[in-house]
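Please read the structure below before turning to the comments.
Computed from the coordinates by the stated procedures, all read-outs in this text should not be read as laboratory data. Keep in mind the model is a prediction, meaning the values are calculated, not measured. When we count neighbours, we look across all protein chains shown, and the Cβ atoms used for this are built from the backbone with ideal geometry, even at glycine.
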Amino acid sequence: MHSPRAWLACAGVFLLLAVVVPGLNAWTSPGSALHIPEYIITVGGKFLCYAIVALAIDMIWGFTGILSLGHGVFFALGGYAIGMYMMRVMAGEGVYRSELPDFMVFLDWKELPWFWLGFDNFFFALFMALFVPGLLAYVFGFFAFRSRIRGVYFSIITQAMTYALMLWFFRNDAGFGGNNGLTDFKRIYGYPLAAPGTKLGLFVLSALVFAGVYLLCRYIVTGKLGRIMRALRDHESKVMFTGYSPLRYKLFVWTLSAVLCGLAGVLYVPQVGIINPSEMQPANSIEMAIWVAVGGRATLGGAALGALVVNGAKSWFTASAPDLWLYVLGALFVFITLLLPGGLASALDNPHVAKLKSRFSGSRAATPAE
Amino acid sequence: MLIVQLLRRLRQLTASSWLALIVLSIAATWVRPAAAAGFEQAVAGLASEDRDQLGAAIVELGASGEPRALVVLKALDAGQIKLDEKGAVFIQDGGALVDAKTGSPAQPSGATRTPPLNNRVRKNLTLALARSELESPNAEVRLNAATTLSKDASTDLVPAMRAALAKENDADVADLLKLSIAGVDLASEDAKLQLDALRMVGDVSAVGLLPAVRRLAEEGGPAKSPEVKTLAGAVEAALERKVLWVSTLANLFYGLSLGSVLLLAALGLAITFGLMRVINMAHGEMLMLGAYSTFVVQNIVKQVAPSWFGAYLVLALPTAFVVCAVVGVLLERTVIRFLYGRPLETLLATWGISLGLIQTVRLLFGAQNVAVENPSWLSGGWELLPTVVLPYSRIVVIVFSMVVVGFVWMLLQKTRLGLYVRAVTQNREMAGNVGIATRRIDMWTFALGSGVAGLGGVALSQLGNVGPELGQSYIVDCFMVVVLGGVGNLAGTVAGAVGLGVANKFLEPLTGAVLGKIMLLVILILFIQWRPQGMFAPKGRAAAEL
């Protein structure tokens, strides 16, 4: 469904992210005008992780019509898995110089709890970062979709799910660091986190993973599964009467989106250096939904764009006019839902813009393609 | 004749008896000075630098029985004792200093200092004071003294307590004294004393002594008497039954109280959700606005008419209702009206509004919690056991929530507006066809729902902290009540709220507050598998779509 021009644009964006930006950081000197400073690399990496989350949410909301207000929990679980790995590999280098992570020494624990075993292996941690959110999503989704919970009810119980897990992770004796979470990481896979090379590497990795996730989602959405997803969004009963089992398709997409969020979490935590239970707050998950709404539901590129725009605005406002940020965010919620339900991407479908587009594409007809 | 007989008697007294008489009469004049000397020594001991000696001096003052001793002890407690460099002790009476021993004005030689009191000395002081006050003619003073002693009795005070008990004619004081003596006797070596004490504890159901009784039941006391062991076992069982009974009642009460708060919070949400199928994420903020309206009314009343402070709640209730109803109507007219039929969008839009409301309140009133005081008739509580107190504020909130439910029920069942609301809830299209202005009803329902939330906010302000984030902490619980109870039916909301509240409180002692809450959420998610529409599901075809 993408014209060759659009594919070219995509390739251009990926190239920019994966090659040009890192290149401008690594291969230019700090004094030069083209130099991209390190903090932009870190922030950019963070935003790319958010963009992956936005893609995941778009898959289940924009294309399948299931609004989840608890996706932050999958993101956080992935982050916790990689955080546990990084805590294990820095054994002996913490403040207390002990084999156990600092917070366990603090709590006067004598040995690692059973669920921390194995996390000193990077690939096991990676596997768990994808498996645990996936499992949680699968079980939750199975029960929810089987009893055909839909719409607002479903959104509310996803909130309950993330709230319950947040409460549990906040407890000190749950073994995940309590309200301080996991922090003070030193290394990942042997690379020191503080080194600029590692940061750059993580950025490039995030860009590549983002590109990969985008292509995967594009592939799904343009195939037969994508058709069923859209049909489920538009009229689930008809899909049922036509002979399809909505449970299987919804469950698959739901679990996949949870796994993608977990993957985003894996890339996120090494770049920000901390993971704590406030990532599981219902408010965070609701904000993730607004990224997708702002950018444009049912358009993959739009969702990623929305994540970038909203988080960029947030960074700017919280730095320069912090009191105003919540008003801006609230206004964004109201404005987008009332006036621009299709998000920024739908602004491109505006008749005036379409005219401009048709002039550019030359021989192509003025009627917009899919 | 008598005089002659007397004189004859006198001559009959032997020389030794004469001597005895002389000695006794001289001794009689010495007795009072000796006791007075003991008192004086004790007072002098107050000037000692050694805290042990100070403590001993205080204990002696308590035992001395001199009326002056009580005055000195009271002065020490009030911090009015002053010592000079030579070790003389004075009491500060107003601006002047008087000698502690005699009470006559005196001058200190040199600078004065106050004796240092640490916790242990202060404890001795409290006990000594209580012991002296046991002799007081005032029954209330004796009651206070006996209460203090019952918390902290020790073996050396028992004789004094027994002596006071023998003279006691006030029943309450006597009971307390008997209890304190029994508490000490439980640990005594004499099995008979232990048995008496056990019987006393059993009669009075003194739950506070349960640990001591339990120990006796296990070991039988230092004498290892089997009789003591069996009686202790029986008394322990009786006491434990009482504790179980009272704690169940207390849990039930607290569950009802929590349920009543949830009910007030969720009632408005259930009404609007039942009617318009919109989840109003700004509902928590209505609660918050209600609480802040109470705060504002409280401040105004404090400034304008302080003597009417006890009645400020009467003013706060309609204010909160009106403020929240107005905000609700504004919300409905400007935002929700345009999102008709798109519940997910409404959810997001109202969330955005809630962010704006929280920030506004934060900017107007500050990000910290604000102080809303309970009027005096709401303070205090009903004491069932020393450890179980049912606060009056919670009792009033339970009653208040029932009143609000009754009010809403009456509105829905007995008024024309209620009739229209019910009609639109059951079948919107048909109600429109029959001539009901459905959009107008939406507006009124939203006003009602928000107003009820405002009333809930008033109740919350009396029970807990009031801050900008008040609504956020209740919104998830409100949703749970709505999901559990089902919509379109008042009974569902009541059952859901009370059920969740009671279940939460009964789980708490078993699993702790946080884990209990998590378990409830999980149980709820599972419950929905079985009954997706909640406990009291609406019937009919319109109910099938959500």
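Cα-Cα over 28 Å: which of B:74/B:178; A:314/A:355; B:123/B:505; B:229/B:505; A:46/A:355? In this structure, A:314/A:355; B:123/B:505; B:229/B:505; A:46/A:355 exceed 28 Å between Cα atoms.
In plain terms, the residue of B:498, B:522, B:43, A:105 with the fewest other Cβ atoms within 10 Å comes first and the most crowded comes last, giving B:522, A:105, B:498, B:43. Summarising the amide proton neighbourhood of residue A:296: residues at separation of 5 or more, or on other chains, whose placed amide H is nearer than 5 Å comprise A:344, A:345. Note on the protein assembly as shown: with charges restricted to the Cβ of Lys and Arg (+1) and Asp and Glu (-1), its dipole about the Cα centre is near 3300 debye. The angle separating the long axis of helix A:4-15 from the principal Cα axis of greatest extent in chain A is about 20 degrees.
Note on the range B:34-133: dipole from Cβ charges, positive end direction compared against B:45, B:96, B:124; the farthest Cα belongs to B:124. When chain A is treated as a Gaussian network with alpha carbon springs shorter than 10 Å, the biggest mean-square fluctuation among A:231, A:18, A:33 belongs to A:33. Rounded to whole numbers, the Karplus 3J(HN,Hα) couplings from phi for the range A:56-71 are 4, 5, 4, 4, 8, 9, x, 9, 10, x, 9, 8, 9, 9, x, 5 Hz, using 6.51 cos²θ - 1.76 cosθ + 1.60 with θ = phi - 60°, and x at Gly and Pro.
Note on chain A: GNM, Cα springs under 10 Å; of A:195, A:51, A:91, the largest mean-square fluctuation is that of A:195. So which residue, out of A:306, A:262, A:201, gets the largest mean-square fluctuation from a GNM of chain A using Cα contacts under 10 Å as springs? Evaluated over chain A, the most mobile residue of the options is A:201.
Which of rounded, prolate or oblate describes chain A when judged by the alpha-carbon gyration tensor and an a/c cut-off of 1.5? It is oblate, given that a/c is not under 1.5 and a/b is not larger than b/c. I want the local charge near residue B:528. Using Cβ-Cβ distances under 12 Å, sum +1 for each Lys or Arg and -1 for each Asp or Glu among the other residues. Local charge sum for residue B:528: +4.
Length gained on full extension, residue B:377 to residue B:170: 71.5 nm, using 0.36 nm per residue less the C-alpha separation. The distance separating the Cα centre of the range A:259-325 from that of the range B:441-501 comes to 30 Å. For A:35, A:235, B:283, the sequence from fewest to most other C-beta atoms within 10 Å is A:235, A:35, B:283.
The magnitude of the dipole of the range A:4-361, with charges of +1 and -1 set on the Cβ of Lys/Arg and Asp/Glu and taken from the Cα centre, is near 1500 debye. Taking a straight Cα-Cα cut-off under 12 Å and skipping sequence neighbours fewer than 8 places away in the same chain, the aspartates and glutamates within cross-link reach of residue B:101 are B:40, B:66. For chain B, a/c is not less than 1.5, where a ≥ b ≥ c are the root eigenvalues of the C-alpha gyration tensor, and a/b tops b/c. That puts it in the prolate class.
Averaged over the residues of A:160-166, the number of partner chain Cβ atoms lying within 10 Å of the residue Cβ comes to 5. Assign one of three labels to the range B:246-539, namely rounded, prolate or oblate, based on the Cα gyration tensor with a ≥ b ≥ c the square roots of its eigenvalues; rounded applies when a/c is under 1.5, prolate when it is not and a/b is larger than b/c, and oblate otherwise. Oblate is the answer for the range B:246-539, as a/c is 1.5 or above yet b/c matches or exceeds a/b. Here is how the number arises for chain B: DSSP H runs of 4 or more residues each give -39500 (n - 2.57), the sum is divided by the residue count, and the result at 222 nm is -24000 deg cm²/dmol. By other beta-carbon atoms within 10 Å, ranking A:240, B:200, B:535 with the fewest at the front produces A:240, B:535, B:200.
Taking every C-alpha pair closer than 8 Å and separated by at least 6 residues, the mean separation divided by the residue count of the range A:52-103 gives a relative contact order of 17 percent. Here the Karplus relation 6.51 cos²θ - 1.76 cosθ + 1.60, evaluated at θ = phi - 60°, turns the backbone of the range A:203-214 into coupling constants of 4, 4, 4, 4, 5, 5, 5, 4, 4, x, 5, 4 Hz, with x for every Gly and Pro. Relative contact order of chain B, taken over Cα pairs closer than 8 Å and 6 or more residues apart, is 14 percent. For residue B:114 and residue B:218, the difference between the fully extended length at 0.36 nm per residue and the C-alpha to C-alpha distance is 32.6 nm.
On the beta carbon distance between residue B:365 and residue B:86, with R0 = 56 Å, the FRET formula returns roughly 0.40. When +1 charges are put on Lys and Arg Cβ atoms and -1 charges on Asp and Glu Cβ atoms, the dipole computed for the range A:210-279 relative to its Cα centre reaches about 380 debye. Take the alpha carbon atoms of the range B:508-535, find their center, do the same for the range A:148-217, and report the distance between the two centers in whole angstrom. Centre-to-centre (Cα) distance: 26 Å.
Considering only B:351, B:295, B:76, whose Cα is most displaced toward the positive end of the charge dipole of the protein assembly as shown, charges sitting on Cβ of Lys, Arg (+1) and Asp, Glu (-1)? Ranked along the dipole, the leading option is B:351.
When GluC sites (Glu not before Pro) are flagged only if DSSP places them in a loop and at most 10 other Cβ atoms lie within 10 Å, the longest unflagged stretch of chain B comes out as B:190-544.
Candidates A:283, B:339, B:479 compared by Cα position along the dipole of the protein assembly as shown: farthest toward the positive end lies B:339, with charges placed on Cβ. The angle between the Cα long axis of helix A:122-146 and the main principal axis of chain A comes to about 50°, on a 0 to 90 degree scale. Projecting label points 7 angstrom from Cα along Cα→Cβ for residue B:399 and residue B:510 puts them 3.3 nm apart.
For the range A:1-42, applying the loop criterion from DSSP together with a ceiling of 14 other beta carbons within 10 Å to the chymotrypsin sites (Phe, Trp or Tyr not before Pro) yields A:27.
Using the Karplus relation 6.51 cos²θ - 1.76 cosθ + 1.60 with θ = phi - 60°, the per-residue 3J(HN,Hα) values for the range B:452-464 come to 4, 4, x, 4, x, x, 4, 4, 4, 5, 7, 9, x Hz, with x marking Gly and Pro. Given the C-alpha centroids of the range B:356-424 and the range A:1-47, what is the distance between them in whole angstrom? Using only Cα atoms to place each centre, the spacing works out to 56 Å.
For residue B:111, neighbours were defined as the other residues whose beta-carbon sits under 9 Å from its Cβ, and their charges (Lys and Arg +1, Asp and Glu -1) total -1. Contact order, relative form, for chain A: 30 percent (alpha carbon pairs under 8 Å, 6 or more residues apart, mean separation divided by residue count).
Relative to the longest principal axis of the Cα atoms of chain B, the long axis of helix B:119-133 lies at roughly 70 degrees.
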